[in-house]
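Asker: Got a structure for you, written out below as structure tokens; questions coming shortly.
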Amino acid sequence: MITETKGYMSVSFLISQAKNIQIVIDENAAEIEALDQNIGDGDHIFNVQRGLKLVVELENDIKNLPLQKSLNMIAMKVLSGIGGSSGALFGTFFMSMAKTPDLDRNIDFNKACEMVIKGINAMKERGKADVGEKTMMDVLIPVSEKLNELKSSNVDMKEGLSEIIKIAEDRMLSTKDMLATKGRASFLGERAKGHIDPGARSSQLIIDTICKSLINK
Amino acid sequence: MITETKGYMSVSFLISQAKNIQIVIDENAAEIEALDQNIGDGDHIFNVQRGLKLVVELENDIKNLPLQKSLNMIAMKVLSGIGGSSGALFGTFFMSMAKTPDLDRNIDFNKACEMVIKGINAMKERGKADVGEKTMMDVLIPVSEKLNELKSSNVDMKEGLSEIIKIAEDRMLSTKDMLATKGRASFLGERAKGHIDPGARSSQLIIDTICKSLINK
Amino acid sequence: MKKFINNVDDFLKESLSGFGKAHSDIIKVNFEPNFISRKTKTKEGKVSLISGGGSGHEPMHGGFVGHGMLDAACPGFVFSAPTPDQMQAAAEHVDSGAGVLFIVKNYSGDIMNFQMGAEMYSGKNDSIITNDDVAVEDSTFTTGRRGVAATVLVEKIVGSLAENGGSLEECKKLGEKVNKNSGTMGVAFSSCTVPAAGKPTFDIGNDEMEFGVGIHGEPGRKREKIQPSKKIVNNMLEAILDDLKLQKNEKTLLFINGMGGTPLTELYLVYDDACEILKSKGIEITRSLVGNYCTSLEMQGASVTLLKCDEEILKNWDAPVHTAAMRWGM
Amino acid sequence: MKKFINNVDDFLKESLSGFGKAHSDIIKVNFEPNFISRKTKTKEGKVSLISGGGSGHEPMHGGFVGHGMLDAACPGFVFSAPTPDQMQAAAEHVDSGAGVLFIVKNYSGDIMNFQMGAEMYSGKNDSIITNDDVAVEDSTFTTGRRGVAATVLVEKIVGSLAENGGSLEECKKLGEKVNKNSGTMGVAFSSCTVPAAGKPTFDIGNDEMEFGVGIHGEPGRKREKIQPSKKIVNNMLEAILDDLKLQKNEKTLLFINGMGGTPLTELYLVYDDACEILKSKGIEITRSLVGNYCTSLEMQGASVTLLKCDEEILKNWDAPVHTAAMRWGM
Ligand SMILES: Nc1ncnc2c1ncn2[C@@H]1O[C@H](COP(=O)(O)OP(=O)(O)O)[C@@H](O)[C@H]1O
Ligand SMILES: Nc1ncnc2c1ncn2[C@@H]1O[C@H](COP(=O)(O)OP(=O)(O)O)[C@@H](O)[C@H]1O
Ligand SMILES: [Mg+2]
Ligand SMILES: [Mg+2]
Ligand SMILES: [Mg+2]
Ligand SMILES: [Mg+2]
């Protein structure tokens, strides 16, 4: 069991991660845009960018609030400011995280894992997509499973995070040759093959960014 | 005075001229189209081609009819089959020619001139355009004036026709630098300058074709 | 060229045929010569209104045949004025004895063909010429200004007067007033493609617009770099206001017309911009119309029309109308 | 990108603002969260209908708010499903106590956001999902088929039933019948350009079309060479008839819907072709609708929708409607 502590999921942690992610997403914007133009409607990148901007702009409003309140405000911002599939899903993620019990205590790594797992489960329920349907869940569900494993194991955290980076990347790439059964790409049948799912790519980049920043801390 | 005779304005003469003109217009179609795209609405070439096709198709219906009747039928065809400025003007031309008295006699060159002059006068009245307004009248009015001169002179017909060819060409070219005051090009103000008028070009080609065929007869 | 088309020669005929079938409750399409008439006969004593022009401006004019608007419309080939026999046949078909008023847009081809049609028609008739396009200079020695989107307003407003028993003279007078009270300015972002030509009428750069374009893709006042909507709309309105010389607090009808290829969202945005600009100038908008009414095939662009309104105009604008493209009050 | 636009972020807001001003006699535009409601309150006992979706399909859905059709519409950003707070606010605003029926097009984003909106709304409510697009295979294990143009028909027909006192259950049942009785197939000749993207969603060759395209420029069944209209329409109808399994002499409503950039003349030509083909197959067309109703920004193309009609459907189709984009009988 990993016991290392302090600041995971603090409001300032969340905001600083959002800022990091903004940079990475902007760097990869053209690619993400093209992915959703290939097998979707082309708005995914704008949805993600809008969402990140809204979260970052919340900084002053939430920086002195308790975590639960902050998460709820982030959830409402994301939910009401993005729209589309990703708005509903990412909004659900934060809403559900905010419902984790005992958020007024210090959030250690395990607690943080628990929150993320809870969030991803809620997304799974909301979108009714499982692994293998060519969505962001192809990345998120295995990541969630790995987090679950990590939180009750003795693996070194940095090692664990490296494994997660790898899983996210593999699973993102695995969407390329899938037929889609959920989301817009499902309308394409065979023609969706050969294209990575945009949501899988943006989710993978988000995970990659967070993990790397934790590893390098 | 020119006395040479026979067959001017006979129905077969008209049809064979129309066929000659079709060839020449088709050869210059791209240019005429571009002219009306530059300073008009781009349909002039199609209007002229449609009109010629309709006249040529009349051949069997009119070949055994008296001239006046044939001219009236041509007029109605042109008038009801073309549309636009050129349909009204060319239709007026034939309608008015058909009104020349004594069409049941042999039509000599002078009579033919008289008919054409009458037709052009009627066009002038219909369109209210005079020389210098950047329309087909810039070609037709001077040609009509020359015909009027020829018909009461002793000039050799072929020489006269060569002069007409020259006049038509000069006047067609002269429309290039004019400001337009009639027709669609008039809406352009200064921007019409530098472009030859499409109707002037098609009229000049028609005159050129007829004159050359008469010269080479 | 990408169009729903079977062959160029049958384009108009097939489109008219579909129009006739789709709106058989309101109109009838007559062929050879082509004209669209109301399904029901003009009632006795009612002046008949006939308009027409080259096709490619749909729903104008066929879409405006019906109660409270036109009695007949004569469609020419795409962008070519209709022929005199169409106008003659339409007039003979619809005239109930009270006479015919021809509504003609100011283009040489339309004027000449309508004139000849009127000469060929033996019944009582008169004409009004619309020439609302302020992009072009007005003059009695030249062809003058083009008739564009305000023609729709003339047809609606005079249509109501005719429906309510106005005489030929009264209808003509009202039509001329509406025309005189109107100014229109258009811009195009892209060209249109005439089916017979098979390629765009004009080339235009990726960042250019044609300011003052006509409804046939004719060049306008100038070729310019594209600008924010508010800037474009402001320039259009200035040209119109310059022309109409509107007083403060004057009541107007604001008409945002799409050229065919511009989405409604953009037309409403233009409307919003125009409202703000007019408000800042103290001009009151009492009526409005937003949509594709006087188009130029698939051209992207829009025109703005302002109509200075008095009580007579407002009353007739508000009156019921029931056509394929404009319907209210019934 | 050539659009009437001031800046990408304000596009929707400004367009909605113009829409609100232009139709203040029928609707009211509410901001933050954005929704369009009727000008007048829903009468007591009347079920409220709320639809919505990404913007870019205008006049759908805002243009269908008004008597005999929707009570409210929730517009998302261009091609992005609206957010739950919009649906919640709209429901709270319009519900008169008889409950709310959400009409949702079958896209993951719309489904999820409407679901969340419905969960957040405390009043009685239910939903129907439209999925008429036969270009896509149906399945309960996947997202299934897309909801496209037939949504317009559902909104009109259920709108009439709600106006006339139908219960929430009855409205849902009728909506599901209309959806099940409908099939749509679309083709695109050109792409659309999402304002935020600033460039076309897809590239397409000068002689190509996308057969089975979605209303967001999503790829369809296949990329093909362009063909004569009759051929295209025939292929579209075959796909629909295959799906609907219509019997001979069955009564249908034929809906030719423009994608936004295709002129009316072409839509009527498509209508004519479709009439002929259906006639030859013994299928009766008893109602029709031709125009731009469910668009895809400035995309050139069209969809064909067939709706199998029974008495209940016809009665409710014919009933009066008074919205910005659809109006008859009043
Ligand atoms: N039902 C679903 N469950 C999980 N993820 C989904 C679902 N539907 C779509 N997605 C994800 O959402 C992404 C698209 O997001 P976005 O473009 O923002 O929304 P939209 O599809 O509504 O345009 C897809 O690439 C996919 O990863
Ligand atoms: N009032 C007029 N008088 C004489 N010729 C005219 C007049 N108006 C236009 N034209 C001629 O008609 C030509 C255009 O013909 P066309 O393209 O067939 O008709 P439209 O201008 O109606 O599209 C012009 O180039 C000009 O020569
Ligand atoms: Mg998307
Ligand atoms: Mg022309
Ligand atoms: Mg023309
Ligand atoms: Mg989307």
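The values are calculated or read from the model by the stated rules, or taken from the named source; none is laboratory data. Computed from a predicted structure; not experimentally measured. Backbone-built Cβ (ideal geometry, glycine too); neighbour counts: all protein chains shown.
Asker: Checking the condition more than 9 Å from chain A (Cβ to nearest Cβ), surrounded by 24 or more Cβ atoms within 10 Å (Cβ to Cβ) and not in a loop (DSSP other than H, G, I, E, B), which residue from D:Glu170, D:Glu224, D:Glu210, D:Glu176 passes?
Answerer: Going through D:Glu170, D:Glu224, D:Glu210, D:Glu176 in turn, the sole match is D:Glu210.
Asker: Going by the structure shown, is A:Ala122 over 20 Å from A:Ile196 (Cα atoms), within 12 Å of another protein chain (Cβ to nearest Cβ), of a type outside the set (Lys, Arg) and more than 16 Å from ligand 5 (Cβ to nearest atom)?
Answerer: yes
Asker: Working carefully through the options C:Asp242, C:Asp272, find the one that is touching a residue at least 12 places away in the same chain (Cβ under 8 Å) and over 20 Å from the mean Cα position of the chain (by Cα). Break it down into steps so the answer makes sense when it comes.
Answerer: Numbers: C:Asp272 fails: touching a residue at least 12 places away in the same chain (Cβ under 8 Å).
Step by step, each of C:Asp242, C:Asp272 is checked, and only C:Asp242 is touching a residue at least 12 places away in the same chain (Cβ under 8 Å) and over 20 Å from the mean Cα position of the chain (by Cα).
Asker: Out of the range D:1-45, which residues are assigned to a loop (DSSP other than H, G, I, E, B), more than 8 Å from chain C (Cβ to nearest Cβ) and closer than 16 Å to C:Pro263 by Cβ?
Answerer: If the condition is that a residue be assigned to a loop (DSSP other than H, G, I, E, B), more than 8 Å from chain C (Cβ to nearest Cβ) and closer than 16 Å to C:Pro263 by Cβ, then D:Met1 is the only one that fits.
Asker: For the range D:54-64, indicate whether the set of residues that are polar (S, T, N, Q) and within 13 Å of ligand 6 (Cβ to nearest atom) is non-empty.
Answerer: yes
Asker: Moving to a separate point now. Quick check on the range C:56-74. Is at least one of its residues more than 14 Å from the chain's Cα centre (by Cα), more than 20 Å from C:Lys156 (Cα to Cα) and at pLDDT 95 or above?
Answerer: No: zero hits.
Asker: Please find, among C:Gly217, C:Gly147, the residue that is at the interface with another protein chain (Cβ under 9 Å from one of its Cβ atoms) and under 24 Å from C:Asn113 (Cα atoms).
Answerer: That would be C:Gly217, the only listed residue that is at the interface with another protein chain (Cβ under 9 Å from one of its Cβ atoms) and under 24 Å from C:Asn113 (Cα atoms).
Asker: Let me ask another. Quick check on this structure: which one of C:Thr201, C:Thr193 is within 14 Å of chain B (Cβ to nearest Cβ), hydroxyl-bearing (Ser, Thr, Tyr) and in contact (Cβ under 8 Å) with a residue 40 or more places away in the chain? It would help to see each step written out before you state the result.
Answerer: Details: C:Thr201 fails: in contact (Cβ under 8 Å) with a residue 40 or more places away in the chain.
None of the other options fit; the residue is C:Thr193.
Asker: Given the criterion among the hydrophobic types (A, V, I, L, M, F, W, C), modelled with pLDDT under 95 and either surrounded by fewer than 20 Cβ atoms within 10 Å (Cβ to Cβ) or not assigned by TED's automatic domain parsing to the domain that holds C:Glu163 (or both), identify the matching residue among C:Met330, C:Met236.
Answerer: One residue alone meets the criteria, C:Met330.
Asker: Moving on. So which residues in the range D:257-294 are within 7 Å of another protein chain (Cβ to nearest Cβ) and either modelled with pLDDT under 95 or in a helix (DSSP H, G or I) (or both)?
Answerer: D:Leu264, D:Thr265, D:Glu266, D:Tyr268, D:Leu269, D:Val270, D:Tyr271, D:Asp272, D:Cys275
Asker: Which of the numbered conditions does D:Gly282 fail, given that it passes all the others? Conditions: (1) closer than 19 Å to C:Glu298 by Cβ; (2) touching a residue at least 24 places away in the same chain (Cβ under 8 Å).
Answerer: (1)
Asker: Also, quick follow-up: What is the number of the single condition among (1) within 13 Å of chain C (Cβ to nearest Cβ); (2) touching a residue at least 12 places away in the same chain (Cβ under 8 Å) that B:Leu147 does not meet?
Answerer: Only one criterion in (1) within 13 Å of chain C (Cβ to nearest Cβ); (2) touching a residue at least 12 places away in the same chain (Cβ under 8 Å) is unmet by B:Leu147, namely (1).
Asker: With respect to B:Met136, is the statement that it is in contact with a Ser or Thr (Cβ under 8 Å, 6 or more places away or on another chain) and surrounded by 19 or more Cβ atoms within 10 Å (Cβ to Cβ) true?
Answerer: For B:Met136, the condition - in contact with a Ser or Thr (Cβ under 8 Å, 6 or more places away or on another chain) and surrounded by 19 or more Cβ atoms within 10 Å (Cβ to Cβ) - is met.
Asker: Residues of the range A:39-56 being near ligand 1 (Cβ under 10 Å from one of its atoms) and more than 10 Å from chain D (Cβ to nearest Cβ), which ones?
Answerer: Matches in the range A:39-56: A:Val48, A:Gly51.
Asker: If you check B:Ile141, B:Ile164, which single one turns out to be in contact with a Leu (Cβ under 8 Å, 6 or more places away or on another chain) and not aromatic (Phe, Trp, Tyr)?
Answerer: On inspection, the qualifying residue turns out to be B:Ile164.
Let's see how each residue does on (1) away from ligand 1 (no atom under 16 Å from the Cβ); (2) crowded, with 24+ Cβ neighbours inside 10 Å; (3) closer than 19 Å to A:Met137 by Cα:
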site: A:Asn20; (1), (2), (3): yes, no, no
site: A:Ala34; (1), (2), (3): no, no, no
site: A:Gln37; (1), (2), (3): no, yes, no
site: A:Leu58; (1), (2), (3): yes, no, no
site: A:Lys63; (1), (2), (3): yes, no, no
site: A:Lys69; (1), (2), (3): yes, no, no
site: A:Lys77; (1), (2), (3): no, no, no
site: A:Ser86; (1), (2), (3): no, yes, yes
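Asker: Still on this structure: Here's a check for you: in the range D:103-125, which residue that is farther than 19 Å from D:Glu218 by Cβ and within 18 Å of the chain's Cα centre (by Cα) is nearest to the other protein chains (Cβ to nearest Cβ)?
Answerer: First pass over the range D:103-125, keeping only residues farther than 19 Å from D:Glu218 by Cβ: D:103, D:114-125.
From the residues that got through so far, the ones that are within 18 Å of the chain's Cα centre (by Cα) too are D:103, D:114.
Details: D:Ile103: 17, D:Phe114: 9 Å.
Looking at residues that are farther than 19 Å from D:Glu218 by Cβ and within 18 Å of the chain's Cα centre (by Cα), I get D:Phe114.
Asker: Taking only pairs six or more apart or across chains, which ones have beta-carbon atoms under 7 Å, a first residue in the range B:70-94 that is at the interface with chain C (Cβ under 10 Å from one of its Cβ atoms), and a second residue that is among the aromatic types (Phe, Trp, Tyr)?
Answerer: Close Cβ pairs satisfying both conditions: B:Val78/B:Phe90; B:Val78/B:Phe94; B:Ile82/B:Phe90; B:Gly83/C:Phe77.
Asker: Here are some conditions: (1) part of a loop (DSSP other than H, G, I, E, B); (2) away from chain A (no Cβ under 11 Å); (3) in contact with an Asp or Glu (Cβ under 7 Å, 6 or more places away or on another chain). D:Ile128 meets all but one. Which one does it not meet?
Answerer: (1)
Asker: In addition: Is there a residue being away from ligand 4 (no atom under 16 Å from the Cβ) and part of a loop (DSSP other than H, G, I, E, B) anywhere in the range B:135-151? Before the answer, list the steps.
Answerer: Going residue by residue through the range B:135-151, those that are away from ligand 4 (no atom under 16 Å from the Cβ) are B:138-151.
Of the ones still in play, those that are also part of a loop (DSSP other than H, G, I, E, B) are none.
The answer is no; no qualifying residue exists.
Asker: Which of the numbered conditions does B:Ile207 fail, given that it passes all the others? Conditions: (1) in contact with a helix residue (DSSP H, G or I) (Cβ under 6 Å, 6 or more places away or on another chain); (2) within 13 Å of ligand 2 (Cβ to nearest atom); (3) of a type in the set (A, V, I, L, M).
Answerer: (2)
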